[in-house]
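My questions will all concern the structure given below.
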Amino acid sequence: MSTPFCFNVVARLYTRNSKMPQRPGRLNGLRHLALTAPNLEECERFYVDVLGMEVLNRASKDLVYLTCGNDNLSLGRASEKSSGVQAMDHYGFIVDSLEELHAWYEYLKAQGVTMLDRPFAHRDGAHSFHVLDPAGNTVQPLYHPAISGQRFSRDS
């Protein structure tokens with residue numbers, strides 16, 4: 001009796017994947033979002049004055065990072081006038097340490113994920129890299145000293 005085709009495929013996948021690095025510890029939440037806006041100053045006032053966020057870091061005249069204390073919102077100046085359609089640049093998953101960030105980089109590369117860059121340092125002490133999900137969205141694994149390592153309880 002011959003071995004079923006699907007068993008052979010699964011066996012090959014398991015054998016191939018068993019040689020890959022194991023997934024690092026769990027991601028610590030989707031707590032970074034990067035939006036673009038042609039009216040950056042107006043949007044900053046909305047998020048700070050109306051919603052109560054705080055400026056975490058002003059990277060340049062075209063880029064500001066805001067926070068509620070446990071998250072990170074990046075507002076970047078868009079080069080074109082708003083069309084009314086949402087403009088999201090990327091979203092980021094927080095990791096707990098720089099070592100974990102590098103482990104995720106190696107793991108995702110071994111999984112064949114499309115890598116857009118290598119881990120790099122930001123001026124504010126954060127480190128990150130970017131990949132594409134299967135739909136073409138840019139995902140940023142991110143170590144950020146201000147929010148990495150924080151844990152939230154489900155008991156509240």
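The values are calculated or read from the model by the stated rules, or taken from the named source; none is laboratory data. Since the model is a prediction, treat every value here as computed from it, not as a measurement. So basically every Cβ, Gly included, is an ideal-geometry build from the backbone, and we count neighbours across all protein chains shown. These accessible areas exclude ligands, DNA and RNA; they are computed on the full protein's heavy atoms, side chains included. Shrake-Rupley method; radii C 1.70, N 1.55, O 1.52, S 1.80 Å.
Determine which single condition G69 fails, assuming it passes every other condition in (1) touching a residue at least 12 places away in the same chain (Cβ under 8 Å); (2) within 20 Å of P21 (Cα to Cα); (3) assigned to a loop (DSSP other than H, G, I, E, B).
Of (1) touching a residue at least 12 places away in the same chain (Cβ under 8 Å); (2) within 20 Å of P21 (Cα to Cα); (3) assigned to a loop (DSSP other than H, G, I, E, B), only one is false for G69: (2).
Got a sec? Which of V64, V139 is among the hydrophobic types (A, V, I, L, M, F, W, C), under 16 Å from the mean Cα position of the chain (by Cα) and surrounded by 13 or more Cβ atoms within 10 Å (Cβ to Cβ)?
V139
Inside the range 121-133, can you point out the residues that are open to solvent by 50 Å² or more (accessible area, probe 1.4 Å) and more than 13 Å from the chain's Cα centre (by Cα)?
Within the range 121-133, A121, R123 qualify.
Checking the structure you have, find out if any residue of the range 37-51 is among the acidic types (D, E), at pLDDT below 90 and not in a loop (DSSP other than H, G, I, E, B).
Yes; the residues of the range 37-51 include at least one that is among the acidic types (D, E), at pLDDT below 90 and not in a loop (DSSP other than H, G, I, E, B).
Tell me, yes or no, whether the range 103-123 has at least one residue that is of a type in the set (S, T, Y), in contact (Cβ under 8 Å) with a residue 60 or more places away in the chain and more than 24 Å from L66 (Cβ to Cβ).
Yes, the range 103-123 has at least one match.
Which one of these does R58 not meet: (1) surrounded by 11 or more Cβ atoms within 10 Å (Cβ to Cβ); (2) of a type in the set (K, R); (3) touching a residue at least 60 places away in the same chain (Cβ under 8 Å)?
Every listed condition holds for R58 apart from (3).
Here's the yes/no breakdown for (1) acidic (D, E); (2) assigned to a loop (DSSP other than H, G, I, E, B); (3) touching a Ser or Thr at 6+ places or on another chain (Cβ under 9 Å):
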| position | (1), (2), (3) |
| --- | --- |
| D89 | yes, no, yes |
| G92 | no, no, yes |
| E99 | yes, no, no |
| H102 | no, no, no |
| Y105 | no, no, no |
| A135 | no, yes, no |
| P141 | no, no, yes |
| P145 | no, yes, no |
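Can G76 be described as at pLDDT below 95, surrounded by fewer than 16 Cβ atoms within 10 Å (Cβ to Cβ) and not aromatic (F, W, Y)?
no
Table: residues versus (1) closer than 30 Å to P21 by Cα; (2) open to solvent by less than 40 Å² (accessible area, probe 1.4 Å); (3) of a type in the set (V, I, T); (4) within 14 Å of the chain's Cα centre (by Cα).
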position	(1), (2), (3), (4)
E54	no, no, no, no
E80	no, no, no, no
G112	yes, no, no, no
M115	yes, no, no, yes
A146	yes, no, no, no
Q150	yes, no, no, no
